[in-house]
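Let me begin by presenting the structure, written as structure tokens, before commenting on it.
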Amino acid sequence: MNESLAMKPRDYKSGIKPIWCPGCGHFSVLNAITKAAAACGLAKDDTVLVSGIGCSSRLPAYVDSYGFHGVHGRGLAVAQGLKVARPDLTVIALGGDGDGFSIGGNHFMHACRRNVNITYIAMDNEVYGMTKGQASPTSPEDWEGSKLTPHGPGVRPFKPAAMALASGAPWIARGYSGNPNQIARLLAEAMAFPGFSFLHVLSQCITFCPQQTDWKAIVSDFEEEPLSRADEAAALFLSEDGFKTGLLYREPRAIWPPEAAPAEDAKLVLRDLASVFQR
Amino acid sequence: MMTDTYLTFLAYSTELEQESQERYLEIAESMATHGNDEVAGFFHRMADEAGNHLAEVSLLCEGAELPPIKAWEFQWPDAEPPETTSYEALHYRMSLHDAMTLALANERAAEQFYRDYAHNSTDAEVINTANEFADEEKSHAQALELMLEDVPVVSELAREEDDPPMMPE
Ligand SMILES: Cc1ncc(C[n+]2csc(CCOP(=O)(O)OP(=O)(O)O)c2C)c(N)n1
Ligand code: SF4
Ligand SMILES: [Mg+2]
């Protein structure tokens with residue numbers, strides 16, 4: 001731990017260069033992760049980033065820790081399984097709005113409900129970036145940027161914070177890619193929180209949604225103490241514009257599983273699994 | 001013996017230059033990945049400049065223990081340190097002219113930051129060094145202004161698109 005305390009954010013970057021478009025908000029999340037890791041003295045060997053599929057989900061390759069670039073929408077399932085088997089690890093799941101709220105929407109709800117002690121970062125650009133710009137669950141109803149939905153998707157966008165709250169998430173925060181330091185601070189708090197922490201990041205897609213550069217003028221700080229009453233949080237999440245950033249809600253409750261699996265047993269299980277995969 | 005206020009100033013300067021250098025480098029590498037070699041080369045040069053300034057600051061820090069300020073605890077005029085290029089201003093098809101204009105704004109913001117730091121301090125060492133750094137940023141800005149005169153004004157996104165990011169018809 002002492003050795004890692006002296007590490008700088010750049011020491012947590014892998015040698016692999018991101019292929020994201022210059023200006024992509026996902027760079028900001030990557031920088032926030034390395035800053036939080038350095039500030040918290042995270043040990044690389046005890047940290048795992050788990051993702052699904054999407055531009056955002058490429059992120060684990062760019063961090064010098066353990067990583068798992070999984071199946072579309074299933075990052076949370078893998079991350080929870082890993083944490084239950086190895087409670088000693090710091091597990092961060094991450095991915096995009098398509099990954100987490102479309103194909104992985106069901107896993108998202110149940111992860112909020114289950115309350116395994118992990119952090120989930122949803123990098124929300126309101127679009128499927130990787131597959132060239134189709135509407136996602138968080139795209140505005142009248143967004144006309146995709147030729148698949150030339151008159152806009154025509155359906156109301158999903159509200160991630162409200163959904164997380166209704167499903168039982170005990171810690172809900174929002175960051176913005178124009179402010180990586182704020183994301184880093186929130187992430188440090190998220191990792192320290194005992195339970196499922198949901199960090200929703202407004203992360204611009206400069207290529208398919210250039211209008212998102214306007215977000216800088218729209219985002220505001222949530223200046224109050226985080227809400228702890230679910231009814232008050234529900235009223236906020238259902239009425240706000242979705243651009244309030246900061247720690248919005250915090251109400252710790254019992255984590256799952258009630259007694260985390262002992263690390264030694266878990267290692268045995270993992271060894272067995274490894275032999276299965278080797279066959 | 002360095003005063004606490006001077007050490008804090010050095011911590012701010014280190015963070016400012018380090019972030020500037022890393023962002024320039026990150027942008028240069030991603031521009032190169034996306035085939036905008038001209039702009040990539042320019043941002044590489046800016047990263048080198050910031051690196052040189054960082055080396056100067058590091059020399060002043062030798063033997064000193066800087067206060068352990070976390071990335072999010074620094075108080076900057078904006079969300080990020082003044083010389084750090086904002087993500088919103090970038091595009092893989094941006095022109096050299098736009099890239100230089102962006103860097104010029106960064107250098108001016110850094111000059112202003114150091115000037116204000118000097119203005120708001122009562123510590124003679126801080127005032128001297130902050131003004132020195134401000135002068136240095138000013139000279140970078142002037143050099144960029146001169147260079148800009150010779151660079152054709154090309155509107156943003158004028159670069160040709162090899163693989164347009166659009167859906168099939
Ligand atoms: C099972 C499956 N279905 C569909 C796809 C195609 N696909 C790849 S990425 C993606 C969406 C990515 O969007 P998002 O998660 O928002 O990430 P972004 O690229 O915007 O960061 C889709 C639908 C896939 N890879 N696998
Ligand atoms: S397409 Fe969008 S989400 Fe993907 S790397 Fe480019 S800017 Fe980022
Ligand atoms: Mg997306």
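Every read-out reported here was derived from the displayed coordinates using simple, explicitly stated rules and does not represent laboratory data. Note that the coordinates shown come from a computational prediction; the quantities given were computed from them, not determined experimentally. Cβ coordinates were reconstructed from backbone atoms using ideal geometry, including for glycine residues, and neighbour counts include every protein chain displayed.
In percent, what relative contact order does segment A:23-278 have, based on Cα pairs under 8 Å that are 6 or more apart in sequence?
Values: 550 pairs, mean separation 53.3, N = 256.
Relative contact order for segment A:23-278 comes out at 21 percent.
Trypsin sites (Lys or Arg not before Pro), restricted to segment A:196-246: which are DSSP loop and have at most 10 other Cβ atoms within 10 Å? Let's see the in-between values first.
Numbers: sites: A:K216, A:R229, A:K244; in loops: A:R229.
Counting only loop positions with at most 10 other Cβ atoms within 10 Å, the trypsin sites (Lys or Arg not before Pro) in segment A:196-246 are A:R229.
Cα-Cα pairs above 19 Å in segment A:192-252: how many percent?
On the way: 730 of 1830 pairs.
For segment A:192-252, the fraction of Cα-Cα distances above 19 Å is 40 percent.
Using DSSP to define loop residues, name the GluC sites (Glu not before Pro) in segment A:172-228 whose beta-carbon has at most 14 other beta-carbon atoms within 10 Å. Intermediate values should be presented prior to the final figure.
On the way: sites: A:E189, A:E223, A:E224; in loops: A:E223, A:E224.
Hits after loop and neighbour filter: A:E223, A:E224.
What value in Å³ per residue do you get for the convex hull of the alpha-carbon atoms in the protein assembly as shown? If you can, show how the numbers build up before the last one.
Working: hull volume 72.3 nm³, N = 448.
Value for the protein assembly as shown: 161 Å³ per residue.
Roughly how many nanometres apart are two label points built 7 Å out from the Cα toward the Cβ at A:V71 and A:S220?
Label at A:V71, label at A:S220, 4.3 nm between them.
Answer rounded, prolate or oblate for segment A:23-278, using the Cα gyration tensor with square roots of eigenvalues a ≥ b ≥ c: rounded when a/c is under 1.5, else prolate when a/b is larger than b/c, else oblate. Could you put the intermediate results ahead of the total?
Details: a/c = 1.66, a/b = 1.38, b/c = 1.20.
Since a/c reaches 1.5 and a/b is larger than b/c, the shape of segment A:23-278 is classed as prolate.
Applying the Karplus parametrisation 6.51 cos²θ - 1.76 cosθ + 1.60 with θ = phi - 60° to the phi angles of segment A:160-172, what ³J(HN,Hα) value in whole Hz is obtained for each residue in order, glycine and proline being reported as x?
For segment A:160-172, the Karplus curve yields x, 5, 5, 5, 4, 5, 4, 8, x, 4, x, 9, 9 Hz.
Taking chain A as the reference, fit the longest principal axis to its C-alpha atoms, fit the long axis of helix A:26-40 to the helix C-alpha atoms, and give the angle between the two in degrees, 0 to 90, nearest 10.
Helix A:26-40 sits at roughly 40 degrees to that axis.
Kindly provide the helix-only [θ] at 222 nm of chain A, computed as the sum of -39,500 (n - 2.57) over DSSP H runs of four or more divided by all residues, to the nearest 500 deg cm²/dmol? Walk me through the intermediate numbers first.
Working: 9 runs with 91 residues, N = 279.
Value at 222 nm, helices only: -9500 deg cm²/dmol.
Here are some pairs, A:K159/B:K70; A:K244/B:K70; A:K35/A:K83; which of them have Cα atoms lying more than 30 Å apart in this structure? Mind dumping the intermediate values first?
Values: A:K159/B:K70 32 Å; A:K244/B:K70 23 Å; A:K35/A:K83 23 Å.
Exceeds cut-off: A:K159/B:K70.
Treating only the Cβ of Lys, Arg, Asp and Glu as charged (+1, +1, -1, -1), what charge dipole size does the protein assembly as shown show about its Cα centre? Round to the nearest 20 debye.
Details: 34 positive and 66 negative charges, 512 e Å.
Computed about the Cα centre, the dipole is about 2460 debye.
Which one, A:L199, A:S275, A:G154, is farthest towards the positive end of the dipole of segment A:23-278 when Lys and Arg carry +1 and Asp and Glu -1 on their Cβ?
A:S275
Take every DSSP beta bridge whose two residues both sit in segment A:23-278, then give the antiparallel share in percent to the nearest 5.
Numbers: 6 of 35 bridges.
Percentage antiparallel, nearest 5: 15.
Helix A:180-192 versus the longest principal axis of chain A: what angle, 0 to 90°, nearest 10, using Cα atoms?
40 degrees
Based on the Cα atoms of chain B, what semi-axes does the equivalent ellipsoid have, where each is the square root of 5 times one gyration tensor eigenvalue, given in whole Å with the largest first? Please report the intermediate quantities before stating the final value.
Details: eigenvalues 230, 55, 34 Å².
Each semi-axis is the square root of five times an eigenvalue, giving 34, 17, 13 Å.
Between 0 and 90 degrees, rounded to the nearest ten: what's the tilt of helix A:230-239 against the longest Cα principal axis of chain A?
Between the helix axis and the principal axis of chain A, the angle is about 40 degrees.
Using just the helices of chain B, give the 222 nm mean residue ellipticity in deg cm²/dmol: DSSP H runs with n ≥ 4 each add -39,500 (n - 2.57), and the total is spread over all residues, rounded to 500.
-22000 deg cm²/dmol
Which value, in debye to the nearest 20, describes the size of the charge dipole of chain B about its Cα centre when Lys and Arg Cβ atoms bear +1, Asp and Glu Cβ atoms bear -1, and nothing else is charged?
240 debye
A:L238 to A:H151: extension gain in nm, 0.36 nm per residue of separation minus the Cα-Cα distance? Please list the in-between numbers first.
Numbers: separation 87, 0.36 × 87 = 31.32 nm, distance 2.51 nm.
Length gained, A:L238 through A:H151: 28.8 nm.
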